[in-house]
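Working notes for the structure below.
The values are calculated or read from the model by the stated rules, or taken from the named source; none is laboratory data. Quantities reported herein were computed from a predicted structural model and do not represent experimental measurements. In this analysis, Cβ positions are derived from the backbone assuming ideal geometry, glycine residues included, and neighbour counts consider all displayed protein chains. Ligands, DNA and RNA are stripped out before the accessible areas are found, and what is left, the full protein with its side chains, is counted by its heavy atoms. Shrake-Rupley method; radii C 1.70, N 1.55, O 1.52, S 1.80 Å.
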Amino acid sequence: MRSRVASPALVAMSTKSKEAAPAPPPEVTFFEGPPSWTEAVVPAVSIITVLGIVPFAAAISRQVWTRYKITNRRLSIQSGWGGNDLVEVVYRDITKVNFIFRFGGLAGDMVMQLSDGAKLEIRSMPDFEKNYDYIMSQVSEACREASNFKKLSKE
């Protein structure tokens, strides 16, 4: 019988793998869904005119093909023709957030400035106050200060 002795390099590798950093927490979804139904109200009313058919069709296609997903790690926006475009942003890349309310506060729009100078728009976000507060709790303190953050939800 032959006995095998592990090489020092192999021993060092095996101890490093045991001492590896702890795994990050699992990704938890806070919100996932389509834009607010309120963005289709005005186009639906305007359908009584022939010209209103086009905006109504566009609003319905956004309801079908656009999906927002907010997790503890990132924002994901699936959109485009047939829902084939996917944009994902990690919170550390967001440097400033501006927003406006839509439809009397039932929904809202956000524009996020990213560290590379790009801007990301989220239009007609449902449960806006709750989702905005969660997103702002995930971004850096510098981003909250640049955005003049004040908590919107009463919870």
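As a fraction of the 1.4 Å probe accessible area of the range 65-130, surface on carbon and sulfur atoms comes out at 46 percent. Overall shape of the range 68-155 was characterised from the C-alpha gyration tensor. The equivalent ellipsoid obtained from it has semi-axes of 19, 17, 12 Å, in decreasing order. How high is the relative contact order of the chain? Use alpha-carbon pairs under 8 Å, at least six apart in sequence, and give a whole percent. This gives 17 percent for the chain. Spin-label model, residue 27/residue 72: points 7 Å from Cα along the beta carbon direction are separated by 1.4 nm. In the context of the full set of protein chains, residues of the chain present 67 Å² of accessible surface per residue (probe radius 1.4 Å, heavy atoms only). Is the C-alpha gyration tensor of the range 115-155 telling us rounded, prolate or oblate? Criteria: a/c under 1.5 is rounded; beyond that, a/b larger than b/c is prolate, otherwise oblate. Note, shape of the range 115-155 comes out oblate. Calculated FRET efficiency, residue 50 and residue 103, Cβ-Cβ r, R0 22 Å, to nearest 0.05? The value I calculate is 0.35. How far, in degrees from 0 to 90, does helix 53-65 lean away from the longest principal axis of the Cα atoms of the chain, to the nearest 10? For 53-65 against the chain, the angle is about 20 degrees. Hydrodynamic radius of the chain by the Kirkwood approach over all distinct alpha-carbon pairs: 18.5 Å.
Normalised by the residues of the range 34-105, what does the relative contact order come to in percent, with Cα pairs under 8 Å and at least six apart?
Across the range 34-105, relative contact order equals 23 percent.
On a 0 to 90 degree scale, rounded to 10, what angle separates helix 128-138 from the longest Cα axis of the chain? Helix 128-138 sits at roughly 30 degrees to that axis. Helical content alone sets the calculated 222 nm signal of the chain at -8500 deg cm²/dmol, taking -39,500 (n - 2.57) per DSSP H segment of four or more residues and averaging over every residue. Shape of the range 89-130 from its Cα gyration tensor (a ≥ b ≥ c, root eigenvalues): rounded if a/c is under 1.5, otherwise prolate when a/b > b/c, or oblate? Here the range 89-130 falls in the prolate category.
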